[in-house]
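Heads up, the thing below is written out as C-alpha cells.
Throughout, read-outs are computed from the coordinates displayed, never taken from laboratory work. Owing to the predicted nature of the structure, the values given are computational and were not obtained by experimental measurement. Glycine also receives a Cβ, built like all others from the backbone with ideal geometry; neighbour counts cover every protein chain displayed.
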Amino acid sequence: MPNWDIENEFQGNVCGVDEAGRGPWVGPVVAGAVIFLNRNINSELLNSINDSKKLSAKKRENMYDLLLAEEQAGHITYGIGEASAAEIDELNILQATFLAMKRAVQKLKILPSHALIDGNRLPADFCCPCSCHIGGDALSYSIAAASILAKVYRDNLLKKLALEYPEYGFEKNAGYGTKEHIEALNKYGVTPQHRKSYRPIKEILEAEK
C-alpha cells in the first residue's frame, strides 16, 4: 500500500505524477499531478487510495470524488494534462506522455520543489526537479492519487467520445483494441481520434488505400 516514505525523502512541496492511456488506440494520453498540501485528509481516502489499476471502476470514481473534495477544502492541489492523438502521432507515445505530464504539473496552483514520476524514464527539460519511481503508484500517496485522477478523467473523456462515435464501444473499452473495437474499425473505419501511428490503425489505413 502507498505511504509517505518517498515524499519524505524530499524537501518542500512534492508532487506525484502518473499517466493513463498509453496503450489504447484512440484518444489522448492523460497525466495527473498531485501535491498534498495537508496530510490531515479524509481517512477513507487515505486508507483506500492505491494504484488505480488495483481499484474497481466504482472505487476509482469514489476516490476521484474524494480527491476533488480535498482540493475544494484546500488540502491538495492537482493538475490534469493531455496530449492528443495527433500529438502522439507526431512525437511518439513516450514523448507525448512526458508532454502531458509537464502540462499537468504546470496546472498546479504552486510549482513543486520536486516531482515523483511513475515509471523508469525521466522527461528531459522538465519544469521542476524530478525523479522516477518504478511502481510508484503502489508506493506513494501522491503518485497513486495522480494515477486515479488521470484514469477517471480519461475514462470520462472516452465516454464523451462514445457519444460521438457510438459504434466503437469506447465507454466500455476505453479505446483499447477489444474485439468490438476491431470489428467497428473494420466496418466503419478509422476516426479522427484514432492514433494513426499505432500499428493496428496504420495497417487498416494502408489496407484502405
Exercise. For the stretch 26-112, what is the convex hull volume of its Cα atoms per residue in Å³?
Worked result: 104
Problem set entry | Greater than 30 Å apart at Cα, pairs in Lys102/Lys187; Lys107/Lys196; Lys107/Lys209 | Lys102/Lys187; Lys107/Lys209
For this session: For helix 93-106, report the angle its Cα long axis makes with the longest principal axis of the Cα atoms of the chain; keep it between 0 and 90° and round to the nearest 10°.
Result: 40
Problem set entry | Spin-label model distance (nm) - Glu180 vs Asn38, 7 Å beyond Cα toward Cβ | 4.2
For this session: Give the angle, between 0 and 90 degrees and rounded to the nearest 10, that separates the Cα long axis of helix 57-72 from the longest principal axis of the Cα atoms of the chain.
Result: 50
Exercise. Given +1 on the Cβ of Lys and Arg, -1 on the Cβ of Asp and Glu, and no further charges, what dipole in debye does the chain carry about its Cα centre, rounded to the nearest 20?
Worked result: 240
Problem set entry | Separation in nanometres of the label points that stand 7 Å from Cα toward Cβ, at Arg199 and Ala86 | 2.8
Exercise. Rounded to the nearest 20 Debye, what is the dipole magnitude of the stretch 130-204 about its Cα centre when Lys and Arg each give +1 and Asp and Glu each give -1 at the C-beta?
Worked result: 160
Exercise. Given springs between every Cα pair under 10 Å in a Gaussian network model of the chain, which of Ser84, Ser56, Ser48 has the largest fluctuation?
Worked result: Ser56
Seminar exercise, completed: Reviewing (i) 10.8; (ii) 13.1; (iii) 11.4, the figure for mean projected area of the Cα convex hull in nm² actually calculated from this model sits under (iii)
Seminar exercise, completed: Full extension between Ser131 and Ser48 adds, at 0.36 nm per residue less the Cα distance, a length in nm of 27.4 nm
Exercise. Taking 0.36 nm per residue of separation and subtracting the Cα-Cα distance, what length does fully extending Asn156 through Asp5 add?
Worked result: 51.2 nm
Problem set entry | the stretch 66-113: radius of gyration and largest Cα-Cα distance (Dmax), Å | 13.2, 39
For this session: Return the inverse of the average 1/r over all pairs of distinct C-alpha atoms in the stretch 117-209, which is the Kirkwood hydrodynamic radius, in Å to one decimal.
Result: 15.6
Problem set entry | Projected-area average for the stretch 1-56 over all orientations - Cα convex hull basis, square nanometres | 5.2
Exercise. Does anyone have the angle between helix 179-188 and the longest principal axis of the chain? Alpha-carbon axes, 0 to 90°, nearest 10?
Worked result: 50
Seminar exercise, completed: Projected onto the charge dipole of the chain (unit charges on the beta-carbon of Lys, Arg, Asp and Glu, signs +1, +1, -1, -1), the Cα from Gly81, Ile143, Leu157 with the largest positive-side position is that of Leu157
